[in-house]
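The values are calculated or read from the model by the stated rules, or taken from the named source; none is laboratory data. Values in this document were obtained by computation on a predicted structure and should not be read as measured data. Because the Cβ atoms are built from the backbone with ideal geometry, glycine has one as well, and the counts that use them run over all protein chains shown.
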Amino acid sequence: MVRAEPLRNQLLAATLALLDEHGLPGVTLRGVAKRAGVSHTAPLKHFASFAHLLTETAAVGFERLAERVDEMGVALPPGAGSRARLVEASKAYVDTALEHPALFELMFRFDVLDLSNARYQAASLNAYQQYLRFVRAMQDDGWQTDTNTAVANATLWGLIHGIATLWTHGALAASVENLASLDEIIERSLDIVLGPHTPGGDPS
């Protein structure tokens, strides 16, 4: 006999669905309960507060992001250098943001999240360190070797996060309409920061 999915997971799935359909303003405890087909009091039996529910949902977003970047790494050909890995990880980051823009927004809405939540802390730190490793690998191959790795990571992460956010809001496409695709925007933007195609021994 197939066991029903735990109610906690059903409530998270309902929250994710409402985010996709209505954005963060359209997510309420009653709405989540209704979507999950349970009583309006059920969510608070599994989550300490609405903020706790939103934070656990945001953690799912970071877990999905890390999985997407891991999948990217598996898909790259053997011997792909550090530059190619950084570029493809950046594309995976943006793709994840565009697939679920409301979830992506929630992941960084510190005003509505419980930042002490253990699952959120672990998931967000893992995603951060995952990208940091790509940046450190670039430094190991000769890029910005004298720059603090955390600062280098913040620079590149800020660039990619900004591209994802601007594209989601429709602001970027209009200003760079001469470029063929979002992937090209990502690649050209990273070229500006990374410089000539020497670190990592491969073209991006």
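Condition check: in contact with a Pro (Cβ under 6 Å, 6 or more places away or on another chain) and β-branched (Val, Ile, Thr). Does THR168 satisfy that? Spell out the reasoning first.
Details: in contact with a Pro (Cβ under 6 Å, 6 or more places away or on another chain): yes; β-branched (Val, Ile, Thr): yes.
Spelling it out, THR168 is indeed in contact with a Pro (Cβ under 6 Å, 6 or more places away or on another chain) and β-branched (Val, Ile, Thr).
Please work out which one of (1) within 22 Å of ALA127 (Cβ to Cβ); (2) touching a Gly at 6+ places or on another chain (Cβ under 9 Å) is the condition LEU18 fails and give its number.
(1)
Any idea how many residues of segment 73-130 are assigned to a helix (DSSP H, G or I), among the charged types (D, E, K, R) and surrounded by fewer than 22 Cβ atoms within 10 Å (Cβ to Cβ)?
Going through segment 73-130, the residues assigned to a helix (DSSP H, G or I) turn out to be 73-75, 82-99, 101-107, 118-130.
If we keep only those that are among the charged types (D, E, K, R) as well, we get 83, 85, 88, 91, 95, 99, 105, 119.
Those still in the list that are surrounded by fewer than 22 Cβ atoms within 10 Å (Cβ to Cβ) too: 85, 88, 91, 95, 99, 105, 119.
Residues in segment 73-130 being assigned to a helix (DSSP H, G or I), among the charged types (D, E, K, R) and surrounded by fewer than 22 Cβ atoms within 10 Å (Cβ to Cβ): 7 in total.
Only one of VAL32, VAL38 is outside the structural domain of LYS91 (by TED's automatic domain parsing), touching a Pro at 6+ places or on another chain (Cβ under 8 Å), more than 14 Å from MET107 (Cβ to Cβ) and free of Cβ contacts under 8 Å to residues at least 40 places away in the same chain; which?
Values: VAL38 fails: touching a Pro at 6+ places or on another chain (Cβ under 8 Å).
From the options VAL32, VAL38, the qualifying one is VAL32.
Of the residues LEU166, LEU156, which is modelled with pLDDT under 95 and either in a helix (DSSP H, G or I) or within 20 Å of SER189 (Cβ to Cβ) (or both)?
Numbers: LEU156 fails: modelled with pLDDT under 95.
Selected residue: LEU166, the only one of LEU166, LEU156 that is modelled with pLDDT under 95 and either in a helix (DSSP H, G or I) or within 20 Å of SER189 (Cβ to Cβ) (or both).
Based on this model, can you work out whether ASN148 counts as more than 18 Å from GLU187 (Cα to Cα) and in contact (Cβ under 8 Å) with a residue 60 or more places away in the chain? If you could, list the steps in order and put the result at the bottom.
Values: more than 18 Å from GLU187 (Cα to Cα): yes; in contact (Cβ under 8 Å) with a residue 60 or more places away in the chain: no.
It is false that ASN148 is more than 18 Å from GLU187 (Cα to Cα) and in contact (Cβ under 8 Å) with a residue 60 or more places away in the chain.
Could you pull out the residue among GLY61, GLY79, GLY26, GLY31 that is within 16 Å of the chain's Cα centre (by Cα) and not basic (Lys, Arg)? Can you show your working first?
Details: GLY79 fails: within 16 Å of the chain's Cα centre (by Cα); GLY26 fails: within 16 Å of the chain's Cα centre (by Cα); GLY31 fails: within 16 Å of the chain's Cα centre (by Cα).
Of GLY61, GLY79, GLY26, GLY31, the one residue that is within 16 Å of the chain's Cα centre (by Cα) and not basic (Lys, Arg) is GLY61.
Does VAL60 qualify as being β-branched (Val, Ile, Thr) and over 20 Å from VAL193 (Cα atoms)? Spell out the reasoning first.
On the way: β-branched (Val, Ile, Thr): yes; over 20 Å from VAL193 (Cα atoms): yes.
Judged against the criteria, VAL60 is a match.
I'm trying to understand the selection: among the residues of segment 5-21, which are under 13 Å from VAL38 (Cβ atoms) and of a type in the set (D, E, K, R)?
GLU5, ARG8
Suppose the filter is within 18 Å of GLY26 (Cα to Cα) and in contact with a Lys or Arg (Cβ under 7 Å, 6 or more places away or on another chain); does GLU56 pass it?
Working: within 18 Å of GLY26 (Cα to Cα): yes; in contact with a Lys or Arg (Cβ under 7 Å, 6 or more places away or on another chain): yes.
For GLU56, the condition - within 18 Å of GLY26 (Cα to Cα) and in contact with a Lys or Arg (Cβ under 7 Å, 6 or more places away or on another chain) - is met.
Collect the residues in segment 180-204 that are aliphatic (A, V, I, L, M) and modelled with pLDDT under 65, keeping them in residue-number order. Give the derivation first.
Kept after step one, since they are aliphatic (A, V, I, L, M), are these residues of segment 180-204: 180, 182, 185-186, 190, 192-194.
Correct list: ALA180 only.
Please indicate, with yes or no, whether at least one residue in segment 90-108 is touching a Phe, Trp or Tyr at 6+ places or on another chain (Cβ under 9 Å), among the hydrophobic types (A, V, I, L, M, F, W, C) and within 19 Å of THR15 (Cβ to Cβ).
Checked segment 90-108: at least one residue is touching a Phe, Trp or Tyr at 6+ places or on another chain (Cβ under 9 Å), among the hydrophobic types (A, V, I, L, M, F, W, C) and within 19 Å of THR15 (Cβ to Cβ).
Looking for whichever is among the small types (Gly, Ala, Ser), out of contact with any strand residue (DSSP E or B) (no Cβ under 8 Å at 6 or more places or on another chain) and buried (at least 21 other Cβ atoms within 10 Å of the Cβ) here; the options are ALA51, ALA59. Which one fits? Even if it seems obvious, please write down each step before you answer.
Working: ALA51 fails: buried (at least 21 other Cβ atoms within 10 Å of the Cβ).
Criteria check complete, one pass: ALA59.
Here is a list: PHE108, PHE104. Which entry is out of contact with any Ser or Thr (no Cβ under 8 Å at 6 or more places or on another chain) and either of a type in the set (S, T, N, Q) or in the same structural domain as HIS169 (by TED's automatic domain parsing) (or both)?
Numbers: PHE104 fails: out of contact with any Ser or Thr (no Cβ under 8 Å at 6 or more places or on another chain).
Result: PHE108 is the single residue among PHE108, PHE104 that is out of contact with any Ser or Thr (no Cβ under 8 Å at 6 or more places or on another chain) and either of a type in the set (S, T, N, Q) or in the same structural domain as HIS169 (by TED's automatic domain parsing) (or both).
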